[in-house]
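Shown next, in structure tokens, is the structure this report addresses.
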Amino acid sequence: MFITRLQQYSLSFAVVLFALALTACGGGGGGGGGGASTTTVADRIPSTFSFTDQTGVMKNTEVTSAAITVAGINAAAVILVTGGAYQIGSGSFTSDAGTVTNGQTVQVKHTSSSKFSTAVNTTLTIGGVSDVFTSTTNTSPNVSGRVTFDYVPVVISPNVSLDYLAMQALPARGVTVQLIEGNSTVIGTDSTDVDGAYSINVDPGKNVYVRVRSQMFKAPSGWDIKVVDNTQSDAIYAMDSSVFSTSLTDVTLNLHADSGWTGSSYGESRVAAPFALLDVVYEAMQLVLQANSIADFPALVLYWSPNNVKTSGDKSTGHIGGTHYLRGSGGGIFLLGKEDNDTDEYDRHVIAHEWGHYFEDSFSRMDSIGGPHTLNDYLDMRVAFGEGFGNAISGMITADNVYKDTRGPQQGFGFGLSLEDSPESNPGWYNELSVQEILWDLFDPANDDPIELGFNPIYQVLVNEHKNTPALTSIFSFITALKKSAGMEAEIDTLLQAHMIATITDEYGAGRTNPSAPTSADILPIYSDLMVDGSVVNVCSINEFGAGPSGAINKLGSRRFLKFTPPIAGDYTISVTTTDAPNSAPASTTPDPEIRLNLMGVASSSTGAPSGACSLTDLVRCFETTTQTLEAEDYVLEVYEWTNTNDNDDLYPPIGRTCFDVKVISS
């Protein structure tokens, strides 16, 4: 600016000298004529000017600067504005170019930002000299606080029970907090941190309340985990504050979810329960995130109601049939909640066990057929692995090697189970206790065993080789992969042998011996080899291990496995024909062979009823057949007598040992 003014003065001075020179030359010798003439030069470059910036202004408001006075010019100067409008004196505001004269006052204005702590600039230029007027919106008022819930620990002495006297407030971690205006307009959202803290910015002058949802949500595709009431149209549980008005002052608002325990029973509302459930899931997710920091968790719904009971029936009325994980549409984790019967909201191992099934289903592979089971049952190997894994991971998640489940009056009578050394009456690859202790010993700090792998190697096997095995998922597929990735084969073999499991050499469990007791020649080999040329292999479905309250549906030997590999892709026919059935079977019951074809976790079934001609005296008419288009891949064929997967009190109870000829041919 100074250089521009200096150039103009130099030009004026040169003009004056030129005028004087002409006057002198024209004088000749005469003595007449006037004196020297002068010229006034237009000065349109003003003195510097400066606006006073404004801070702490309201959002979306009109902000006007203080006036500046134009000085240092003697002619009208051009005035320009960008990012706003200007006003000369008491005239109208405009954003168009104009002129201004010396001594006039000028103001500028603009609309402040729509965001907190954000600047808006307006530049005014007069005769080439500029200044910027800046307004900055105020820092937003903040609604913040902590969310906590009542946690009731489980004690094991004198009984496995909830200890309400030791109840404590724990932070609700990772849950969704909303700021709501009116009845339902969400104007701010946050998720609590590890301390249960949340913070939401808000405009002043709002009537709002804080809602804490029983939900952990991470957008856009991270996860969506929520607890709903299956007896109230799957409504999500939430905890609301009272309505309050916001101003420019920050608000601190803590919310606490109460257990509802009155000293001898639960009161009307058990607000803490959904948050206690989510807290276990939070811990489970942290375990996975330690092994895979970018893991995304598929959506999961936990169904809990104080009306949920063990009776099976309509889940919308609370008859959920016990705590369990259900895969597929409408599935999730269903949890018991009936007071003085069985409540699971504080049974952290129980919750973590069911979450383990979700993990298998979502991250790894879950071939387990599920069903009822009790400790030391002789289980289908898939069920033994799934339930043993569920028990083991419950300890990994809770950092507690004693599995605890409360129930009964005042939640005062339950059971505890050591994940480390529970007694096994029938150790082996078909026993969930054996599987649980093997997995726990692989994970835990070494004390009675030389292995301490932690979770990461276990996770890597589960989401890779175990997930992609052509065999069915079992202790065999898991250990085979673990040996390859973690080494320590001798130590792992020693651990297996402590549970009566011979050295595992492949994912199909080759080289097994009969179960410890009772023995059955109809169990081994675990997988029979089946040629794709019409050759017949005979296998038998038994009910030898199906007695007791847990039924036969998922017990050892009721389902037999055969493996085969089509040489080329094409259509193949699988036939299963009954060859032997017990004469003691009820006359109204006939053999009913069933087929289930498995390809790396994808199954298809052929489960039609036997033909009308099927009878105990004409077994060849008791058959099942299916034709399917197959790839040149390794398949596992599952064959079983349908009644041998029923309970003893079923309308069609198990008929016992039934044998079949099985063959596969190209169609």
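Yes/no per residue for (1) open to solvent by 60 Å² or more (accessible area, probe 1.4 Å); (2) farther than 24 Å from ASP367 by Cα; (3) under 36 Å from the mean Cα position of the chain (by Cα); (4) at pLDDT 95 or above:
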{"residue": "ILE475", "(1), (2), (3), (4)": "no, no, yes, yes"}
{"residue": "MET488", "(1), (2), (3), (4)": "yes, yes, yes, no"}
{"residue": "GLY511", "(1), (2), (3), (4)": "yes, no, no, no"}
{"residue": "ASP522", "(1), (2), (3), (4)": "no, no, no, no"}
{"residue": "PRO525", "(1), (2), (3), (4)": "yes, no, no, no"}
{"residue": "ASP529", "(1), (2), (3), (4)": "yes, no, no, yes"}
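Only one entry of ILE393, ILE351 meets the criterion of being under 22 Å from GLN436 (Cα atoms), in contact with a Phe, Trp or Tyr (Cβ under 9 Å, 6 or more places away or on another chain), aliphatic (A, V, I, L, M) and open to solvent by less than 40 Å² (accessible area, probe 1.4 Å), and that entry is ILE393.
In the set GLU387, GLU283, GLU345, only one residue is buried (at least 24 other Cβ atoms within 10 Å of the Cβ), of a type outside the set (Gly, Ala, Ser), in a helix (DSSP H, G or I) and in contact (Cβ under 8 Å) with a residue 24 or more places away in the chain; that residue is GLU387. Can you find, within the stretch 179-200, the residue that is least open to solvent (accessible area, probe 1.4 Å) among those that are of a type in the set (Ser, Thr, Tyr) and closer than 14 Å to VAL251 by Cβ? Filtering the stretch 179-200 for residues that are of a type in the set (Ser, Thr, Tyr) and closer than 14 Å to VAL251 by Cβ, the one least open to solvent (accessible area, probe 1.4 Å) comes out as TYR198.
Residue by residue, here is whether (1) part of a strand (DSSP E or B); (2) out of contact with any helix residue (DSSP H, G or I) (no Cβ under 9 Å at 6 or more places or on another chain); (3) open to solvent by 40 Å² or more (accessible area, probe 1.4 Å) holds:
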site: THR589; (1), (2), (3): no, no, no
site: ASN598; (1), (2), (3): yes, yes, no
site: ASN644; (1), (2), (3): no, yes, no
site: VAL662; (1), (2), (3): yes, yes, no
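Just a yes or no: is a residue in the stretch 443-461 under 30 Å from ALA632 (Cα atoms), of a type in the set (A, V, I, L, M, F, W, C) and either touching a Ser or Thr at 6+ places or on another chain (Cβ under 8 Å) or in a loop (DSSP other than H, G, I, E, B) (or both)? For the stretch 443-461, residues under 30 Å from ALA632 (Cα atoms), of a type in the set (A, V, I, L, M, F, W, C) and either touching a Ser or Thr at 6+ places or on another chain (Cβ under 8 Å) or in a loop (DSSP other than H, G, I, E, B) (or both): present.
Residue-by-condition table, conditions (1) modelled with pLDDT of 95 or more; (2) in contact with a His (Cβ under 8 Å, 6 or more places away or on another chain):
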{"position": "ASP367", "(1), (2)": "yes, no"}
{"position": "GLY371", "(1), (2)": "no, no"}
{"position": "ASP377", "(1), (2)": "no, no"}
{"position": "GLY388", "(1), (2)": "yes, no"}
{"position": "GLY395", "(1), (2)": "yes, yes"}
{"position": "THR406", "(1), (2)": "yes, no"}
{"position": "GLU420", "(1), (2)": "no, no"}
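If you go through the stretch 533-555 one residue at a time, how many are assigned to a loop (DSSP other than H, G, I, E, B), in contact with a Gly (Cβ under 9 Å, 6 or more places away or on another chain) and among the hydrophobic types (A, V, I, L, M, F, W, C)? It would help to see each step written out before you state the result.
From the stretch 533-555, those assigned to a loop (DSSP other than H, G, I, E, B) are 533-536, 542-554; that's our starting set.
From what is left, the residues that are in contact with a Gly (Cβ under 9 Å, 6 or more places away or on another chain) are 542-546, 550-554.
Right, trim to among the hydrophobic types (A, V, I, L, M, F, W, C) and you get 542, 545, 552-553.
Within the stretch 533-555, residues that are assigned to a loop (DSSP other than H, G, I, E, B), in contact with a Gly (Cβ under 9 Å, 6 or more places away or on another chain) and among the hydrophobic types (A, V, I, L, M, F, W, C) number 4.
Of all the criteria given as (1) of a type outside the set (Lys, Arg); (2) within 25 Å of PRO450 (Cβ to Cβ); (3) out of contact with any Asp or Glu (no Cβ under 9 Å at 6 or more places or on another chain); (4) at pLDDT below 95, the one not satisfied by HIS499 is (3). Which condition breaks for THR627 when tested against (1) modelled with pLDDT under 90; (2) at negative phi? Going through (1) modelled with pLDDT under 90; (2) at negative phi one by one, THR627 breaks only (1).
Taking the conditions (1) in contact with a Ser or Thr (Cβ under 8 Å, 6 or more places away or on another chain); (2) open to solvent by 20 Å² or more (accessible area, probe 1.4 Å); (3) aliphatic (A, V, I, L, M) in turn, VAL309 satisfies each one other than (1). Provide a single number: the residues in the stretch 201-224 that are assigned to a strand (DSSP E or B), out of contact with any Phe, Trp or Tyr (no Cβ under 7 Å at 6 or more places or on another chain) and open to solvent by less than 10 Å² (accessible area, probe 1.4 Å). Counting residues in the stretch 201-224 that are assigned to a strand (DSSP E or B), out of contact with any Phe, Trp or Tyr (no Cβ under 7 Å at 6 or more places or on another chain) and open to solvent by less than 10 Å² (accessible area, probe 1.4 Å) gives 2. Count of the stretch 404-460 residues, restricted to those that are surrounded by 17 or more Cβ atoms within 10 Å (Cβ to Cβ) and charged (D, E, K, R), is 9. If the condition is being surrounded by fewer than 16 Cβ atoms within 10 Å (Cβ to Cβ) and under 21 Å from GLN410 (Cα atoms), then the stretch 322-342 contributes GLY322, ASP340, ASN341.
Among the listed residues THR246, THR231, which satisfies the condition of being among the polar types (S, T, N, Q), buried (at least 20 other Cβ atoms within 10 Å of the Cβ), more than 27 Å from TYR282 (Cα to Cα) and in contact (Cβ under 8 Å) with a residue 24 or more places away in the chain?
Values: THR231 fails: more than 27 Å from TYR282 (Cα to Cα).
Among THR246, THR231, only THR246 is among the polar types (S, T, N, Q), buried (at least 20 other Cβ atoms within 10 Å of the Cβ), more than 27 Å from TYR282 (Cα to Cα) and in contact (Cβ under 8 Å) with a residue 24 or more places away in the chain.
Hey, does the stretch 563-585 have a residue that's modelled with pLDDT under 95, open to solvent by 50 Å² or more (accessible area, probe 1.4 Å) and among the aliphatic types (A, V, I, L, M)? Looking for residues that are modelled with pLDDT under 95, open to solvent by 50 Å² or more (accessible area, probe 1.4 Å) and among the aliphatic types (A, V, I, L, M), one finds none in the stretch 563-585, hence no.
Please indicate, with yes or no, whether at least one residue in the stretch 365-378 is aromatic (Phe, Trp, Tyr), in contact with a strand residue (DSSP E or B) (Cβ under 7 Å, 6 or more places away or on another chain) and on the phi < 0 side of the Ramachandran plot. Yes: one or more hits.
Of all residues in the stretch 452-478, those that are at positive phi have Cβ atoms under 8 Å from Cβ atoms of residues that are buried (at least 19 other Cβ atoms within 10 Å of the Cβ) and part of a helix (DSSP H, G or I), 6 or more apart or on another chain, in GLY454/PHE443. Just one residue in the set VAL194, VAL186 is of a type in the set (Val, Ile, Thr) and assigned to a strand (DSSP E or B); that residue is VAL186.
Quick one: is GLY612 open to solvent by less than 40 Å² (accessible area, probe 1.4 Å) and among the small types (Gly, Ala, Ser)? The answer is no for GLY612. In summary, PRO423 fulfils each of the numbered conditions (1) under 22 Å from ASN159 (Cα atoms); (2) part of a loop (DSSP other than H, G, I, E, B); (3) in contact (Cβ under 8 Å) with a residue 12 or more places away in the chain with the single exception of condition (3).
The values are calculated or read from the model by the stated rules, or taken from the named source; none is laboratory data. In this text, all values refer to a predicted model and were calculated from it rather than measured experimentally. When we count neighbours, we look across all protein chains shown, and the Cβ atoms used for this are built from the backbone with ideal geometry, even at glycine. For the accessible areas, the whole protein counts, side chains as well, though only heavy atoms, and no ligand, DNA or RNA atoms are used. Shrake-Rupley method; radii C 1.70, N 1.55, O 1.52, S 1.80 Å.
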